[in-house]
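Asker: Here's a structure for you.
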Amino acid sequence: MQRISAIAPENATGKNQELFTKVKAKFGGVPNIMRTMAASPAVLDAYLSFNGALSSGSIGGKLGEKLALFIAEKNNCDYCLAAHSTIGKNVVKLDEATILGARQGHTNDDKTNAALHFAGQLIDKKGLVNDEDVQSVIAAGYTEGEVAEIVAHVSLNIFTNYFNNTAKTVVDFPVAPVLSEVAGN
């Protein structure tokens, strides 16, 4: 059972109504994560602002989705796995093998693998990465600005993972398969 109530768009007022109008214009509807975040208009506004700012970053949507998939897998967030599997497939055009690989923390591209590895280091070390960790991702071809964006993507995705795991947000995307069932683990 969901622990934080979702607000139905037709019941939204004030700031939530304004935010839902923008979300509907962009996505055609209001996903449950946003309906649930609307319990606090400040939380929903912060999420939309952070997500919007990162969408114009230099690392691009494909890497952003691969990071989101990997982080959701590490944090056992079923909602984010479902959402980012769908977005990865339908919006940024990732194939099923790439989605599966990203969830496992690897792809067929060394540069992307370095970003995923760095994201994993950030999570595992709770942000306390060392010089070698940072230099490794820079050596793979990322600029300092792009390293900052990777850190920001990790932060945003940890927020959404923790939010959904806390709220038990009802999944309104096709459910992502359990990794061990599709990866043969």
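The values are calculated or read from the model by the stated rules, or taken from the named source; none is laboratory data. Nothing here was measured: the structure is a model prediction, and the numbers come from that model. Quick reminder, even Gly has a Cβ in these numbers, built from the backbone with ideal geometry, and neighbours come from all protein chains shown.
Asker: Only one of (1) out of contact with any Gly (no Cβ under 6 Å at 6 or more places or on another chain); (2) at pLDDT 95 or above; (3) not polar (S, T, N, Q) is not met by residue 91, so which one is it?
Answerer: So the condition that residue 91 fails would be (2).
Asker: Now, a different point. Which numbered condition trips up residue 77, out of (1) out of contact with any Lys or Arg (no Cβ under 8 Å at 6 or more places or on another chain); (2) surrounded by fewer than 17 Cβ atoms within 10 Å (Cβ to Cβ); (3) not basic (Lys, Arg)?
Answerer: Going through the list (1) out of contact with any Lys or Arg (no Cβ under 8 Å at 6 or more places or on another chain); (2) surrounded by fewer than 17 Cβ atoms within 10 Å (Cβ to Cβ); (3) not basic (Lys, Arg), residue 77 breaks only (2).
Asker: Would you check if residue 123 is surrounded by fewer than 19 Cβ atoms within 10 Å (Cβ to Cβ), at pLDDT 95 or above, closer than 30 Å to residue 3 by Cβ and of a type in the set (Val, Ile, Thr)?
Answerer: So residue 123 fits the description; yes.
Asker: Further, regarding this structure: So for the stretch 125-136 (the condition being touching a Lys or Arg at 6+ places or on another chain (Cβ under 7 Å) and touching a residue at least 12 places away in the same chain (Cβ under 8 Å)), does at least one residue qualify?
Answerer: no
Asker: Please tell me if residue 156 is buried (at least 19 other Cβ atoms within 10 Å of the Cβ), in a helix (DSSP H, G or I) and not charged (D, E, K, R).
Answerer: yes
Asker: To continue, here is another question. Can you confirm whether residue 141 is exposed (fewer than 14 other Cβ atoms within 10 Å of the Cβ), on the phi < 0 side of the Ramachandran plot and at pLDDT 95 or above?
Answerer: Spelling it out, it is not the case that residue 141 is exposed (fewer than 14 other Cβ atoms within 10 Å of the Cβ), on the phi < 0 side of the Ramachandran plot and at pLDDT 95 or above.
Asker: A follow-up question, please. When only residues in the stretch 147-167 that are polar (S, T, N, Q) and more than 12 Å from the chain's Cα centre (by Cα) count, which is farthest from residue 123 (Cα to Cα)?
Answerer: Kept after step one, since they are polar (S, T, N, Q), are these residues of the stretch 147-167: 155, 157, 160-161, 164-166.
With more than 12 Å from the chain's Cα centre (by Cα) added as a condition, the list becomes 165-166.
Details: 165: 16, 166: 18 Å.
Here the answer is 166.
Asker: Where in the stretch 48-151 are the helices (runs of 4 or more DSSP H), entirely inside, with at least 2 residues that are in the same structural domain as residue 162 (by TED's automatic domain parsing) and of a type in the set (Lys, Arg)?
Answerer: Passing ranges, in order: 60-74.
Asker: Among the residues of the stretch 36-47, is there at least one that is assigned to a helix (DSSP H, G or I), outside the structural domain of residue 133 (by TED's automatic domain parsing), in contact (Cβ under 8 Å) with a residue 60 or more places away in the chain and within 29 Å of residue 134 (Cα to Cα)?
Answerer: Yes, some residue in the stretch 36-47 is assigned to a helix (DSSP H, G or I), outside the structural domain of residue 133 (by TED's automatic domain parsing), in contact (Cβ under 8 Å) with a residue 60 or more places away in the chain and within 29 Å of residue 134 (Cα to Cα).
Asker: With the requirement that a residue be under 18 Å from residue 151 (Cβ atoms) and of a type in the set (Phe, Trp, Tyr), what does the stretch 46-84 give you?
Answerer: Passing the criteria: 47, 50, 70.
Asker: Another question about this same structure. If I filter the stretch 88-109 down to residues being in contact with an Asp or Glu (Cβ under 6 Å, 6 or more places away or on another chain) and of a type outside the set (Lys, Arg), which single residue comes out as surrounded by the fewest Cβ atoms within 10 Å (Cβ to Cβ)? Write out each step before concluding.
Answerer: Initially, the stretch 88-109 is screened for residues in contact with an Asp or Glu (Cβ under 6 Å, 6 or more places away or on another chain), giving 88, 92, 103.
Pick out the ones that are also of a type outside the set (Lys, Arg) and you get 88, 92.
Details: 88: 25, 92: 16.
Going through the qualifying residues, I end up with 92.
Asker: Return yes or no: is residue 129 at pLDDT below 95 and over 11 Å from the mean Cα position of the chain (by Cα)?
Answerer: Considered against the rule, which asks whether it is at pLDDT below 95 and over 11 Å from the mean Cα position of the chain (by Cα), residue 129 comes out as no.
Asker: So, one more: So which of 28, 52 ends up being within 30 Å of residue 117 (Cβ to Cβ), surrounded by fewer than 23 Cβ atoms within 10 Å (Cβ to Cβ), of a type outside the set (S, T, N, Q) and free of Cβ contacts under 8 Å to residues at least 24 places away in the same chain?
Answerer: 52 is the lone residue from the list that is within 30 Å of residue 117 (Cβ to Cβ), surrounded by fewer than 23 Cβ atoms within 10 Å (Cβ to Cβ), of a type outside the set (S, T, N, Q) and free of Cβ contacts under 8 Å to residues at least 24 places away in the same chain.
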